[in-house]
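J.: Quick one: the structure is below, questions incoming.
Each value in this text was obtained by applying a stated rule to the coordinates, not by laboratory testing. Because the structure is a prediction, the values reported are computed rather than measured. No Cβ is skipped: glycine too gets one built from the backbone with ideal geometry, and neighbour counts run over all protein chains shown.
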Amino acid sequence: MHGSELAPMEPSLRSWLRERVAHYARREPADIDPSVSLTNYGLDSVYALSLCGDLEDHLGVVLEPTVVWDHPTIEALIAHVEEMLGGSSRRMDAG
Amino acid sequence: MTPPARPAASVEPAVPVMSVVPTGPAASTAPAAHSARVVIAMTVDLAEFDRALGDPFDPAAPLSFARSAESDRREEFPAEMCQELDRLGMPRLYVPVEHGGALARYDELLAALRLVARRDLTVAIGHGKTFLGGACVWLAGRPEQARALGADIVAGAPVAWGLTERGHGSDLLAGTMAATTEAGGYRVQGEKWLINNATRGDLICLLVRTRPEGGPRGFSLLLVDKRRLPRDRYRHLPKVLTHGIRGADISGFGMDDCPVPADALVGVEGGGLETVLKALQLTRTVCTALSLGAADQALRLAVEHAARRGLYGRTLVDLPHVRRTLGRAYASLFTAEIVSVFAARALHTAPEETSVISAVAKAYVPSRADELIMTCGELLGVRGFLTEYHEHGAFQKLDRDHRVVGIFDGSTFVSRHALINQFPLLARCHPAATADPAGVEHAADLTAPLPAPELDRLSLMAQGGCGLTQGLVSAARDLRALAVAGHASAWLAGLAEELSAHCDLLHEELAQFPPSSQFAPPEAFALARRFELCFAGAAALRVWLHNLRSGHDELWLEACLVHILRSLRPAEMPTDEEVFDRLFDALRSGASVGPPTTKGVR
Ligand SMILES: Cc1cc2nc3c(=O)[nH]c(=O)nc-3n(C[C@H](O)[C@H](O)[C@H](O)COP(=O)(O)OP(=O)(O)OC[C@H]3O[C@@H](n4cnc5c(N)ncnc54)[C@H](O)[C@@H]3O)c2cc1C
C-alpha cells in the first residue's frame, strides 16, 4: 500500500528536483541529468544546501541540511527520501 | 552577584579570576519558553579581570602600552603578557564548563576578549586563538577527547587551528594536506601555512583530506598533539613577517608521512567541512570582540586628543566637524557593539539561525571598526602615525593590528558570500516570518539569563530564516504604540518604520534576485551589505525595546538608527546628522548615554 502511494510521487519528485536544480544552476531542466553530481552544474557545496529547504517545504518533512552532500545526485536524493518516508511509515505500522 | 573584592592587581590572586561564580537563585528562573532547558546564570567577574590586567599607562602593569609597544617593535611574541592571562585564568574561558572550563556564556567570553584587545590586539589574537583551535572539538569531539583538551588548555597549552594552505586561502575544499588510514591511525602528508600559533601550539586541529577526490564529505579533522608525534616527522615553518600583529606567531606546520593515532580524529571521518563551518559560526562571532576592543581604544585616543589639542585659539573638539565626526563614531561603535552582543547571546537563544547571524556579525563589525579607526586616524593627524610618541604609538599599532580582523577567519567577502548562499531561504522565510520570535526577544533582553549553549542545534542553514529581520515590522509597530501612548517620540517611531520598510523592500529584491552559486555577482554583495544594515538597525531597536527598565534613553537609539539609515537611503535623500552632535555633547558632559550592552565593558 505504501509502495503504491510512493510510486506516483517518484516521477513528479524527479521533475520537481530537476526544475529546482535547473533554477539554481540557471539552466534548462532538460539539461539536468538526474544521475550527475550537482557540483557538475556549478552548485557550490554550501549553496547546494538551499535545496534542502526547498525539499522540506515541498514534502513537508524535516531533513538534515547536508542531505545533498550525502546524496549528491537527484537519483540519490530520491532514493534517500523514499527510503526515509517508507522507513518512517513502516515504523508507524509496527507501532 | 560578584565574588568578594580581591587585593590590588599587582598581587598575584590565589584563585584565577576566571572561575565560574554561581549567581543568586533569583537569576536562575528561566523564562517560560525555555523552562525545560538548563539555564546558566553563572558569571565571571569582568571588572575584577580588567583591574587585574593593571593600569595600561603604567609600564609595569601586566598589560601595558609600553610592554606592547616593545614586543611589537622587536616583533617578538608577547609571551610574558600571555602568561599573565594564563595566571588570571583566561584560558578557562576558552573551555566550555562541561569540559572543565569556565565558558558558560559566549557574551562573557567576548567581553573578556574585548578587554584584552583594547590593550593589545596582538595579545588578544595570539592568546584567544586557543579558543578557535578548540572549537571543532567542543562541537564534534568525543567527551573524553574534549575533557583532555579542556585540561590541556586550562593548564596553559596553546592550541592552533590549521585550515589554510599556501596555495589556498578561503577555499577550504582545495586543501591538499592528506591523511591515509593505516593500522592504528593515519599517515599525514602536507603543509598548513599562515597559521596562528603553529609553532607555539602544543596541539593543532587540522583539516585534512581523507578522500582523494575531496568534496564536502572528503575532509576530516585531526586534533594532533605534537608532544605525541615522532619529532622527525613534523616541521615548523618559519615565522611570517606581517604588517600588523608583528609579535604574533604566524607560521606554518608541515607533516612528512607522519603517523597520527586513530583517536586524534574529531567527529566522524568525512565530517570535517561540516564541523568547520559550524565552528566558524562560533569563532566569527567571537572575533567581533577583537574589533570592538580596537575601536574602543581608537576612539578613546581620538577623543582625548581632540579635547587636549589647541588649534586656532580653540580646542579641536570645539570645531563643529570634529564634534560631528566623533558623535558619528560613537553611534557606529554602539551599533557594532549591539550586533556583536546580540550575536553572542543568539548562540544561546537562536542557535538554528547563527549561520546567518555570525556571517552578518563578521562582515559588519570588523568593517565598521576599520572605518572608525580610519576616521580616528584622521583626527589624530600626525599623532596616529608616530611610533614612539602618544602612548607609545598605541594608535599606529592598533591600526596595523586590526587590519587582519577583516581578513582572517572568513574575510568580509567570504562572510558576505556565506550570507548570499542563504538568500533563497531569507527571501522565502521573510514574508511568512517563520523563525521563532522568542529567540530574538530573549537575545535582546539583556537581563534574561541565558540557556546553556546547545551546540548540536547549530545548523549550516538557517532553515527558518532570520528572526530579527522578520520581526522588524512588529518591533517598529511596538515602538509606534509606545509613541502613541506618549512613552517615545513620534520621530523615533518614524525612523524605525523607515528601516522596516527598507527591510521589506530588500527582501522583495532578494526574492527577485537570480540564484547565484559559486560566482556571486557584485550586486549580490551590495544586497548582503544592505541586509547587514537592516540587521544592525533591527538589533538596536530590539535591544532598546527589551531593556526599557534601564531607562527610556532615546538618544543612543536615534543615533544608531540615523547612522544605519544614512547608508540605506538613496543618494538623493540627504540625512540630517545633528543627532551625532547631541550624542557627542551628552557623552562629553559625562552623561551615561549608550546602549545597555555597554554595561561592564566601559
Ligand atoms: C595574521 C594571520 C593569521 C592567520 N591565522 C590563521 C590560522 O590560525 N589558521 C588558518 O587556517 N588560517 C589562518 N590565516 C589564513 C587566513 O584565514 C586566510 O589567508 C584567509 O582565509 C583568506 O585567504 P587569502 O587572504 O589567502 O585570500 P583568498 O582566499 O585567496 O581570497 C582572495 C580574495 O578573494 C576574496 N574571496 C575569497 N573567497 C571569496 C568568496 N567566496 N566570495 C567573494 N570573495 C571571496 C577574499 O576576501 C580576498 O579578498 C591567517 C592569516 C593571517 C594573515
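J.: Spelling out what I want: for every residue of region B:309-326, take phi, set θ = phi - 60°, compute 6.51 cos²θ - 1.76 cosθ + 1.60 (Karplus), and round to whole Hz; glycine and proline get x.
T.: My calculation for region B:309-326 gives 6, x, 7, 6, x, 10, 9, 3, 5, 7, 6, x, 6, 6, 4, 4, 5, 5 Hz in order.
J.: Within a 10 angstrom radius of each residue's Cβ in A:51-58, how many Cβ atoms of other chains show up on average? Whole number is fine. Spell out each step's value before the answer.
T.: Numbers: counts 2, 5, 10, 3, 0, 1, 3, 0.
That average works out to 3.
J.: Still on this structure, I have one more. Ordered by residue, what ³J(HN,Hα) values in Hz, to whole numbers, does region B:245-250 give under the Karplus form 6.51 cos²θ - 1.76 cosθ + 1.60, where θ = phi - 60° and Gly and Pro are x?
T.: Working through the residues one at a time gives 5, 5, x, 5, 8, 9 Hz.
J.: Mind giving me the nanometre distance, one decimal, between the label points for B:MET374 and B:HIS321, set 7 Å out from Cα along Cα→Cβ?
T.: 1.6
J.: Just how far, in whole angstrom, is region B:160-234 from region B:298-375 if you go by their alpha carbon centroids?
T.: 37
J.: Can you flag which of B:LYS239/B:LYS397; B:LYS192/B:LYS278; B:LYS239/B:LYS362; B:LYS192/B:LYS226 are past 23 Å Cα-Cα?
T.: Numbers: B:LYS239/B:LYS397 19 Å; B:LYS192/B:LYS278 21 Å; B:LYS239/B:LYS362 27 Å; B:LYS192/B:LYS226 14 Å.
Distance filter (> 23 Å) returns B:LYS239/B:LYS362.
J.: Compute the convex hull volume of the Cα atoms of chain B, divide it by the residue count, and report the result per residue in Å³ as a whole number. Each step should come with its number before you reach the end.
T.: Values: hull volume 94.0 nm³, N = 602.
It comes to 156 Å³ per residue, whole-number rounded.
J.: For region B:488-505 and region A:46-79, compute the distance between their C-alpha centroids and round to whole Å.
T.: Computed from Cα coordinates, the inter-centre distance equals 38 Å.
J.: Can you tell me how much longer the chain between B:ARG309 and B:ASP58 gets when fully stretched, taken as 0.36 nm per residue apart minus their C-alpha distance, in nm with one decimal? Could the numbers behind the result be given before it?
T.: Working: separation 251, 0.36 × 251 = 90.36 nm, distance 2.30 nm.
Here the segment from B:ARG309 to B:ASP58 would lengthen by 88.1 nm.
J.: Within region B:138-236, report the GluC sites (Glu not before Pro) that DSSP leaves as loop and that have at most 10 other Cβ atoms within 10 Å. It would help to have the intermediate numbers written out before the result.
T.: Numbers: sites: B:GLU144, B:GLU165, B:GLU182, B:GLU191, B:GLU213; in loops: B:GLU213.
Loop-located and lightly packed - B:GLU213.
J.: Within 13 Å, Cβ to Cβ, of B:LEU419, how many net charges do the neighbouring residues add up to if Lys/Arg are +1 and Asp/Glu are -1? Before the final figure, lay out the partial values.
T.: Working: positive: B:ARG284, B:LYS362, B:ARG416, B:ARG529, B:ARG530; negative: B:GLU353, B:GLU532.
Overall, the nearby charge balance is +3.
J.: I need the Kirkwood Rh of the protein assembly as shown: take the reciprocal of the average 1/r across all distinct C-alpha pairs and report it in angstrom. Please list the in-between numbers first.
T.: On the way: mean 1/r = 0.0377 Å⁻¹.
Evaluated on the protein assembly as shown, it is 26.5 Å.
J.: While we're here: Please give me the summed charge of the neighbours of B:MET374: other residues whose Cβ is under 13 Å from its Cβ, Lys and Arg +1, Asp and Glu -1.
T.: 0
J.: Name the residue farthest towards the positive end of the dipole of the protein assembly as shown from the options B:LEU568, B:LEU316, B:ALA155, assuming +1 on Cβ of Lys and Arg, -1 on Cβ of Asp and Glu, about the Cα centre.
T.: Positive-end residue among those listed: B:LEU316.
J.: Just going by the charge dipole of region B:162-270, with Lys and Arg at +1 and Asp and Glu at -1 on Cβ, which of B:HIS168, B:LEU194, B:LEU223 is farthest out on the positive end?
T.: Towards the positive end, the residue furthest out is B:LEU194.
J.: Got a sec? How would B:THR469, B:THR199 order by Cβ neighbour count within 10 Å, fewest to most? Each step should come with its number before you reach the end.
T.: Details: B:THR469 27, B:THR199 20.
Ascending Cβ contact count within 10 Å gives the list B:THR199, B:THR469.
J.: Net charge near B:MET461, counting Lys/Arg +1 and Asp/Glu -1 over other residues with Cβ under 12 Å of its Cβ? Present the calculation step by step, with values, prior to reporting the outcome.
T.: Details: positive: B:LYS278, B:ARG428; negative: A:ASP54, A:GLU56, A:GLU64, B:GLU274, B:GLU352, B:GLU353.
In short, -4.
J.: Enumerate by residue number the GluC sites (Glu not before Pro) in region B:387-467 meeting two conditions: DSSP loop (anything except H, G, I, E, B), and at most 14 other Cβ atoms within 10 Å of the site's Cβ.
T.: Numbers: sites: B:GLU388, B:GLU391, B:GLU441, B:GLU454; in loops: B:GLU388, B:GLU454.
Answer in residue order: B:GLU388, B:GLU454.
J.: With each run of n ≥ 4 DSSP H residues scored as -39500 (n - 2.57), what mean residue ellipticity at 222 nm is computed for chain B after dividing by its residue count and rounding to the nearest 500 deg cm²/dmol?
T.: On the way: 19 runs with 296 residues, N = 602.
Theoretical 222 nm ellipticity from helices: -16000 deg cm²/dmol.
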